[in-house]
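I have placed the structure first, in the form of structure tokens, so that the comments after it can refer back to it.
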Amino acid sequence: MSDSETLKQAAGEHAASWVESGMVVGLGTGSTAIHAIKRIAARLYEGSLSQVVGIPTSRASEMAAMELGIQLGTLADYPVIDVTIDGADEVDGDFNLIKGGGAALLHEKVVAQASLREVIVVDAEKCSEVLGTKFAVPVEVLAFAWRPEADYLDDMGAEVRLRRNAESDPVVTDEGNWILDAMFGPIADVERLSNALDRRAAVMAHGLFLGLATDLVVAGPNGIEHRTSP
């Protein structure tokens, strides 16, 4: 395991230590979140944790949780989530995020909005002063409308790419939508951009997660750092 992966594992397991018996837990998507899922499952097996219900943010996290023996539920049965542990592609000093590198942004945002506590686990390289400096903004759109939405993003000054898989087919989300990756560069006004994307009928979700994270766990060369929302 690389040093980076070791740090991510330590950060994910640190976040998993905050899960308590009887909690409803949002299960994030991606390489960092899977470490938290594995640690939750280990604690259940050891008996230090019990009666935990997981709400997965993607089919990938659902399958991982099922294989590890974590009881799963739905938002219909558990509309309020105690804590969600997830990753991010980029985070600024105000705990605003860019998410969606794993194409699960719609479910991730729904789960985040239903969570009392949203714990984001990242390595130090994901931190930046201004969102958009390091990562494009994923935009989940209806497949039949991807071209006008791409043109709209282009008119806003973004370099736009339709996300494709290894076979060069469009990446399809769990809800059957497509992903546009919009590279704006450093975003001067994230709220204004978020509002502009929210107004588009064919945009099902976008990767700007503003005001949702309550905790940030950063894995860096000096170990694990826990920050709380300013």
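Each reported figure results from applying straightforward, stated rules to the coordinates on display, with no laboratory input. Computed from a predicted structure; not experimentally measured. All Cβ positions, even for glycine, are placed from backbone atoms using ideal geometry, and neighbour counts span all protein chains on display.
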_Stretch gain in nm, segment GLU225-ASP3, where the contour uses 0.36 nm per residue and the Cα spacing is subtracted_ = 78.3 nm
*Once the dipole of the chain is set up with Lys and Arg at +1 and Asp and Glu at -1 on Cβ about the Cα centre, which of HIS206, ALA124, SER48 lies farthest towards its positive end?*
SER48
*Most mobile of GLY28, GLY185, GLY157 per a Gaussian network model of the chain (Cα springs, under 10 Å)?*
GLY157
*Could you put GLU108, GLU62 in order, starting from the residue whose Cβ has the fewest other Cβ atoms within 10 Å?*
GLU62, GLU108
*Per residue of region 131-143, in order, report the coupling 6.51 cos²θ - 1.76 cosθ + 1.60 (Karplus, θ = phi - 60°) as ³J(HN,Hα) in whole Hz, putting x for Gly and Pro.*
4, x, 5, 10, 9, 6, 8, x, 10, 8, 10, 4, 4
*Specify whether the C-alpha gyration tensor of the chain places it in the rounded, prolate or oblate class, a ≥ b ≥ c being the square roots of the eigenvalues: rounded for a/c under 1.5, otherwise prolate if a/b is larger than b/c and oblate if not.*
prolate
_Three-way shape label, region 66-174, alpha-carbon gyration tensor, a/c 1.5_ = oblate
*Please report, in debye to the nearest 20, how large the charge dipole of the chain is about its Cα centre when each Lys and Arg carries +1 at its beta carbon and each Asp and Glu carries -1 there.*
240 debye
_Exposure proxy ranking, count of Cβ atoms within 10 Å, fewest first, for ASP151, ASP174_ = ASP151, ASP174
